[in-house]
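First the structure, in the form of structure tokens, and then the observations on it.
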């Protein structure tokens with residue numbers, strides 16, 4: 001069992017992690033502690049799940065979305081973060097003119113679940129800043145120097161990577177500190193779970209439908225085994241489950257207006273999740289190609305996202321290579337994919 005060291009001490013014990021970078025992560029976790037308390041109080045904190053407006057892409061904003069964004073912005077003022085990009089803001093904001101880091105965040109992922117007491121989270125990504133604020137973020141995810149998420153659930157947890165593996169911490173309510181519980185997080189190789197919003201089946205491309213059809217066919221289909229389907233509608237919760245026990249998550253593009261390039265944002269959600277998953281031995285793609293090698297054209301640009309156990313993610317890519325008649329065929333005809 002790993003030594004249960006607190007996050008601040010872990011950072012101090014690992015000089016290969018630059019102090020300024022560690023301080024930025026510590027600032028994020030300090031806000032995470034306060035948000036965890038607010039979320040745990042639920043309705044006692046007021047109508048946190050009340051819709052109070054819309055962001056630039058027309059997505060509804062909850063009261064706690066705005067509160068969380070402001071809390072993170074304020075907490076980063078005394079760090080080396082120069083540029084701050086938030087899913088709740090249209091443009092990049094300068095925090096510290098003398099800073100050398102660029103931090104992007106989804107302050108409260110899955111906020112539609114606040115009122116129903118389902119796990120939600122905070123996602124963040126850190127780059128070395130450029131002089132151009134937008135160019136600091138519109139770059140391949142391979143250039144991230146750290147990424148992480150805080151999950152607010154039965155336990156409040158932190159998954160973080162500094163580019164040398166994925167670390168797992170739990171907020172100890174007695175100490176009030178994040179404590180290391182696993183310094184070698186690995187995505188399990190074996191799992192019979194997949195996560196996708198099946199209500200959108202009719203809008204999916206043929207390769208995605210074919211893949212899901214084969215999973216749903218169970219032991220009588222080409223996969224030769226039964227699968228369980230999961231869907232939480234909280235990216236952090238989905239990621240935490242897959243990192244913990246394997247499987248695959250799919251949020252593909254589809255035929256609906258506004259979903260042609262998927263629905264999740266590259267800068268604030270997909271790139272940091274992809275880094276965490278890959279650092280834990282998993283794989284993340286847009287359904288075909290490695291996600292971390294890609295870029296988007298705008299701060300709020302979207303991308304399809306498929307991640308999880310490498311074998312499963314690679315299988316999805318293979319479905320996109322099938323000829324039209326094979327993709328459209330009934331699952332029993334896809335003998336190529338029988339396990």
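The values are calculated or read from the model by the stated rules, or taken from the named source; none is laboratory data. Keep in mind it's a predicted model, so treat the numbers as computed, not measured. Here the Cβ positions follow ideal geometry from the backbone for every residue, glycine too, while neighbour counts run over all protein chains shown.
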Single condition residue 24 does not satisfy, out of (1) farther than 27 Å from residue 85 by Cα; (2) assigned to a helix (DSSP H, G or I): (1)
Unique residue being in contact (Cβ under 8 Å) with a residue 40 or more places away in the chain and crowded, with 22+ Cβ neighbours inside 10 Å when the list is 177, 238: 238
Members of the range 1-23 that are surrounded by fewer than 16 Cβ atoms within 10 Å (Cβ to Cβ) and either at pLDDT 95 or above or closer than 13 Å to residue 79 by Cβ (or both): 8, 9, 12, 13, 14, 15, 16, 19, 20
Residue among 268, 211, 201 that alone is surrounded by fewer than 21 Cβ atoms within 10 Å (Cβ to Cβ) and either in a helix (DSSP H, G or I) or under 16 Å from the mean Cα position of the chain (by Cα) (or both): 201
Index of the failed condition, residue 75 passing every other in (1) over 20 Å from the mean Cα position of the chain (by Cα); (2) modelled with pLDDT under 95: (2)
Wholly within the range 138-196, strands (runs of 3 or more DSSP E) carrying at least 3 residues that are modelled with pLDDT of 95 or more and under 17 Å from the mean Cα position of the chain (by Cα): 146-152, 156-161, 166-172
Residue in the range 154-174 that is surrounded by fewer than 21 Cβ atoms within 10 Å (Cβ to Cβ), touching a residue at least 40 places away in the same chain (Cβ under 8 Å), more than 22 Å from residue 244 (Cα to Cα) and not assigned by TED's automatic domain parsing to the domain that holds residue 318 present: no
Test: residue in the range 137-145 that is over 21 Å from residue 240 (Cβ atoms), touching a residue at least 12 places away in the same chain (Cβ under 8 Å) and crowded, with 23+ Cβ neighbours inside 10 Å: yes
Only one of 87, 30 that is at pLDDT 95 or above, in contact with a helix residue (DSSP H, G or I) (Cβ under 7 Å, 6 or more places away or on another chain) and surrounded by 20 or more Cβ atoms within 10 Å (Cβ to Cβ): 87
The one condition in (1) at pLDDT 95 or above; (2) within 20 Å of the chain's Cα centre (by Cα); (3) surrounded by 24 or more Cβ atoms within 10 Å (Cβ to Cβ) that residue 81 fails to fulfil: (2)
Residues that are modelled with pLDDT under 95 and not in a helix (DSSP H, G or I), drawn from the range 284-339: 320, 321, 322, 323, 329, 330, 334, 338, 339
